[in-house]
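Participant: Structure incoming, see below.
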Amino acid sequence: MSVNSAGLICQATKWITLDCLTKPFRPRSSSRCVRIPSGMALCQNIGYDTMRMPNLLGHESPAEAVQQSASWLPLLARECHPDARIFLCSLFAPICLDRFISPCRSLCESVRDSCAPIMSCYGYPWPEILRCDQYPADHLMCISSITNTMPLASCRDCELEEASSTKDTLETFCRSDFVVKLRLTQLKYTPVSLSQFSLAAKLDVLKHGPLLGGQIRSHIELWLERDATCVRNMTRNHPRGGTFLVTGTVQGGRVVVNKAYAWQRRDKNLMAAARKWKHHRCRS
């Protein structure tokens, strides 16, 4: 088994900025097994409950690992890659076996290629501490990717648009799994929760698609918590919140918002489409 020793000790600040030092970290024979702290939200319910200290990022104590790992929660919440948690926890909370096991190079590359574009939305590069060529090739003993899908994410997700015409908007409604009018209210930001907005009590569901009526709210609340880039783009010019109409699809049990409109009277095409929708018949 190949155990990589090119990790770097870094200090995380704010979101996912990393100021890296150049001191190499080498797993020591004096490492010990400890329980994964309950405060390490990044690595809860991952299939094991003990980890090695120091970890593969050179953190000497569980408290330090907890503090540094919290910086990655917003990226994880963005769901940029289904294996992002596995990759990060293999470094922050390596499984306690008789030796260290690194993530495979292919796992690192897959997560990097999918998540780095989202990091760049906020002006942050993929950090040097996670340079993928330091990890072992797949044919060696390492933690590999468990999914083959590559999520598609964009810095422009959910940017508000105006309805081009009533007809086109109705066709968008027809192609969508759901169409919901909702109101967002600004909340005080906390580093643990990505959401800066709460969902008003009333939802106007124009179309619920494969979701049952009672499922709409819980799914929209989950989207609001997790899809940081989408919500950020929607509310860029509405920092205190507002009323929006969103359309999208249901993928793997979660909602994905594809289009978003600010609900305002001057968008006459959107208003007309919403009025006509109840009696509109979509072409098969």
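Participant: Take Y48 and tell me if it is open to solvent by 50 Å² or more (accessible area, probe 1.4 Å), over 17 Å from R226 (Cα atoms), in contact with a Phe, Trp or Tyr (Cβ under 9 Å, 6 or more places away or on another chain) and not in a helix (DSSP H, G or I).
Facilitator: Working: open to solvent by 50 Å² or more (accessible area, probe 1.4 Å): yes; over 17 Å from R226 (Cα atoms): yes; in contact with a Phe, Trp or Tyr (Cβ under 9 Å, 6 or more places away or on another chain): no; not in a helix (DSSP H, G or I): yes.
Answer is no for this residue.
Participant: Can you tell me how many residues within the range 103-131 are assigned to a loop (DSSP other than H, G, I, E, B) and under 19 Å from V66 (Cα atoms)?
Facilitator: Going through the range 103-131, the residues assigned to a loop (DSSP other than H, G, I, E, B) turn out to be 104, 122-127, 131.
Subsequent filtering for residues that are under 19 Å from V66 (Cα atoms) retains 127.
Count: 1.
Participant: When only residues in the range 63-97 that are more than 27 Å from E221 (Cα to Cα), in a helix (DSSP H, G or I) and among the hydrophobic types (A, V, I, L, M, F, W, C) count, which is most open to solvent (accessible area, probe 1.4 Å)?
Facilitator: Filtering first and then ranking leaves A63.
Participant: Consider R236 carefully, then state whether it is under 16 Å from the mean Cα position of the chain (by Cα) and open to solvent by 90 Å² or more (accessible area, probe 1.4 Å). Don't jump to the end; show me each part of the working.
Facilitator: Values: under 16 Å from the mean Cα position of the chain (by Cα): no; open to solvent by 90 Å² or more (accessible area, probe 1.4 Å): yes.
No.
The values are calculated or read from the model by the stated rules, or taken from the named source; none is laboratory data. Remember, predicted model here, so these are calculated numbers, not experimental data. Ideal geometry is used to build each Cβ from the backbone, glycine not excepted, and the neighbour counts take in all protein chains shown. Areas reflect the complete protein model, heavy atoms only, side chains present, ligands, DNA and RNA absent. Shrake-Rupley method; radii C 1.70, N 1.55, O 1.52, S 1.80 Å.
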